[in-house]
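Report on the following structure.
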Amino acid sequence: MTRKHHKEQEEIPETINTEAAETAAEETAAEIPAATEADMEAEIAARDAEIQKLREEVMRRAAEFENFRKQKEREAAQSGVRMLENTVRDLLPLIDDLKRLMSHIPAEMQEMAEAKPFIEGVELIRKNFMSLLENKGVKEIEAKGKVLDVNFHEAITQIDAPGAEPDTIVEEYQTGYTLGDRVIRHAKVIVAR
């Protein structure tokens, strides 16, 4: 046998094998009954429904996580505000003491050269302390000369005050403070009848 003849014989079985495979695939495709296609479509639809269900579950879990995260952020912010509020509330008696000290310094002591640096030092401490609190959002509640507002003032007594309108604050017994829009301590006041 010559080489050319041998090569032609090898090509013939390859061609037959390829043609046989294509014929078998066509016969198999033709043999798939319509019911099997319907089953496959039903399975695809079931898988699509399952995918949709899982997608909705993932979206629900993501929304729940986002709500949880926001809630924790709110709680952390509220905790910080409560902590600041409690700290300021604890410091208010110190502010009151400094204020009383400054208002009760005898006039002759204020004139003395030796006492002046101490008085100025106490006043400086009070001002710095109030500045610090104001930077944190703490403000004094204005009272004297204002009409009583139970949201900000607590009347401890009423007195006859000639020339003052009824329910007008004539004297402030204890200063009140707010932190932002919240009242930390109501101003204790004396009101005209």
Report summary line: Those residues of the stretch 160-181 that are over 30 Å from Leu84 (Cα atoms) and either at pLDDT below 90 or touching an Asp or Glu at 6+ places or on another chain (Cβ under 7 Å) (or both) come to a total of 8
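If we only count strands (runs of 3 or more DSSP E) wholly inside the stretch 98-190, which ones have 1 or more residues that are among the polar types (S, T, N, Q) and exposed (fewer than 14 other Cβ atoms within 10 Å of the Cβ)?
Details: elements: 138-140, 153-159, 169-174, 177-179, 182-185.
Result: 153-159.
Restrict the check to the stretch 104-113 and report whether at least one residue is modelled with pLDDT under 90 and within 20 Å of Val183 (Cα to Cα). Working first, answer last.
Here is the first cut: in the stretch 104-113, the ones modelled with pLDDT under 90 are 104-113.
Then keep just the ones that are within 20 Å of Val183 (Cα to Cα); that gives none.
The answer is no, given that none of the residues of the stretch 104-113 is modelled with pLDDT under 90 and within 20 Å of Val183 (Cα to Cα).
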Report task. State all residues of the stretch 75-97 that are among the charged types (D, E, K, R) and surrounded by 10 or more Cβ atoms within 10 Å (Cβ to Cβ); if no residue qualifies, say none. Result -> Glu75, Arg82, Glu85, Arg89, Asp96, Asp97
Requested in this report: Please list, ordered by first then second residue, the pairs with beta carbon atoms under 8 Å, 6 or more apart or interchain, first in the stretch 154-180 and farther than 27 Å from Pro93 by Cα, second part of a strand (DSSP E or B) and modelled with pLDDT under 90.
Outcome: none
Query - Pairs, first touching a residue at least 12 places away in the same chain (Cβ under 8 Å) in the stretch 39-54, second exposed (fewer than 10 other Cβ atoms within 10 Å of the Cβ) and not hydroxyl-bearing (Ser, Thr, Tyr), C-beta under 6 Å, six or more apart - result: none
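The values are calculated or read from the model by the stated rules, or taken from the named source; none is laboratory data. Just so we're clear, the structure is a prediction, and the values are computed from it rather than from any experiment. Cβ sites come from the backbone with ideal geometry, for glycine too, and all protein chains shown count toward neighbours.
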